[in-house]
1. For region 266-385, taking Cα atoms only, what is the radius of gyration to one decimal and the Dmax to the nearest whole Å?
2. Using the Karplus equation 6.51 cos²θ - 1.76 cosθ + 1.60 (θ = phi - 60°), what ³J(HN,Hα) coupling, rounded to whole Hz, does each residue of region 266-272 give in order, writing x for Gly and Pro?
3. Below 8 Å between Cα atoms, with a sequence gap of 6+, how large is the relative contact order for region 244-394 in percent?
4. In deg cm²/dmol and to the nearest 500, what is the mean residue ellipticity at 222 nm of the chain if only DSSP H runs of at least 4 residues count, each as -39500 (n - 2.57), divided by the residue total?
5. Using Cα pairs closer than 8 Å and at least 6 residues apart in sequence, work out the relative contact order for region 1-152, in percent.
6. In sequence order, what are the phi-derived ³J(HN,Hα) couplings for region 116-121 according to the Karplus relation 6.51 cos²θ - 1.76 cosθ + 1.60 with θ = phi - 60°, rounded to whole Hz, with x for glycine and proline?
7. How large is ³J(HN,Hα) for each residue in region 159-165, as worked out from phi by the Karplus curve 6.51 cos²θ - 1.76 cosθ + 1.60 (θ = phi - 60°), to whole Hz, x for Gly and Pro?
8. Pull up all non-local amide H partners of Arg236: gap of 5 or more, or a different chain, and H-to-H distance under 5 Å with H placed in the peptide plane.
Amino acid sequence: MQQINVPFFSLQKQTEKLTQKMVDSFNYILKTQQFIGGPLVQEFEKKLARFLGNNAHVISCNSGTDGLWLALKALDVQPKSIVLTTPFSFIASSSEILALEAYPVMIDIEPDTFNISPALIQAWLEEHATMQKGHAIHTATGMPVAGMVIVDLFGQCADYQAIKNIAQTWNLWIIEDACQAIGAHTNSQQAGTFGDIGVLSFYPTKNLGAFGDAGCCVTNNQELAMRLTKLKNHGRASHYEYEEFGINSRLDTIQASVLSIKLDELDSYNQRRREIAAFYNQALANVPFLQLPQEQVGHHVYHQYCVILKDKQERAAFMHYLTTHGVGSNIYYPKALTQIAFLNTRLDLVNVCPVAEHASQAIVALPIWPELEQHELDYVVDVIKKFQSTLLVQPAQPTVAAHAA
Ligand SMILES: Cc1ncc(COP(=O)(O)O)c(C=O)c1O
């Protein structure tokens, strides 16, 4: 087997294919001199709304992180209230709760999908909350339990059938963090449209990625759409009429044009990700030291393909071995959010999450990006199959910048 390099992630081929369309579009923007807002941004918002269906309004903004802040603000999350969320995610799904001075309470995940467990949400509410005058109240502290930030991790929708039933019983809103899941769907409903507000990220490595930071909120509620539009533009109702505190989170025209061009390709990119996942599933099925990811809810779009090392002690050696054989890999996420001190300042609200904590120690993400070629995938599988689990443990070096998922 001759050694080749298979990067963990690359945009080079994708960008090369689209260069001419991008250049034409940038030239148009240079001519029109409209760098923020304007028809190209509106066109992208409408195009994405059509893609998402379900009467979606798309409110573009500067990043998924801003989208989460805007969504929480639009739903009037109050200081000293509780928001239930997952411990296994990129930090923004919890840190933005804290940004509004509310408390994230982590509910553990399902071991097979890595998404939040509806049964454990239900169990936490039954043990720790009561309904008072139609609102859920945390019994021990008297703080309101306001809502839930649910993440569709690695490209697979969470179980919204169960989660929506819980939300209804306990009168909780849902923010769907679909930052990793654009194009995933369940029963013909697109990721991003399950919550009161959905949030998408267009960070460059996402399934639909811009050439910089970009994101959006999604809602089918007209009032929330108007509030979000105001909040992302300094709380303005009109040019110099400011109605409330807001931020500057407007999408650049250049990013909107990139996203419009790439949105036309998204279904084929996602289809290719699914083909690669199917190949790994079949080719790695009998590798005894790996547990493979499961597609359990709807149509998964494999933003990441993450395997679990059955013996977590071998992860460092496994990743080191992949690196020395030219195969990129990464860890999402090396810590559960329960292990990040500043997110967990109220010790009485800390909820132990053993499944997420175990996953953070045993998980490895393999290369999965649409332009990977079959000979590269064959090589990755060959290399993995030859791993001898008796190698000396050495510290693994992630192969791309940490903020990739
Ligand atoms: C689950 C999740 N939530 C939120 C974000 C934040 O998005 P952004 O990087 O666009 O701010 C990301 C992406 O990095 C993410 O993966």
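1. 16.1, 52
2. Using θ = phi - 60°, the values come out as 4, 4, 6, 4, 5, 4, 5 Hz.
3. On the way: 140 pairs, mean separation 44.6, N = 151.
Taking the mean separation of contacting Cα pairs over the length of region 244-394, I get 30 percent.
4. Numbers: 12 runs with 146 residues, N = 405.
It comes out at -11000 deg cm²/dmol, rounded to the nearest 500.
5. Numbers: 153 pairs, mean separation 26.8, N = 152.
With pairs under 8 Å counted, the relative contact order is 18 percent.
6. Karplus-based 3J(HN,Hα) across region 116-121 equals 3, 8, x, 4, 6, 4 Hz.
7. Per-residue couplings from phi come out as 7, 6, 4, 5, 5, 5, 4 Hz.
8. Glu243
Only the coordinates and a few stated rules stand behind these numbers; no lab work does. Quick caveat: nothing in here was measured; it's all calculated off a predicted structure. Ideal geometry is used to build each Cβ from the backbone, glycine not excepted, and the neighbour counts take in all protein chains shown.
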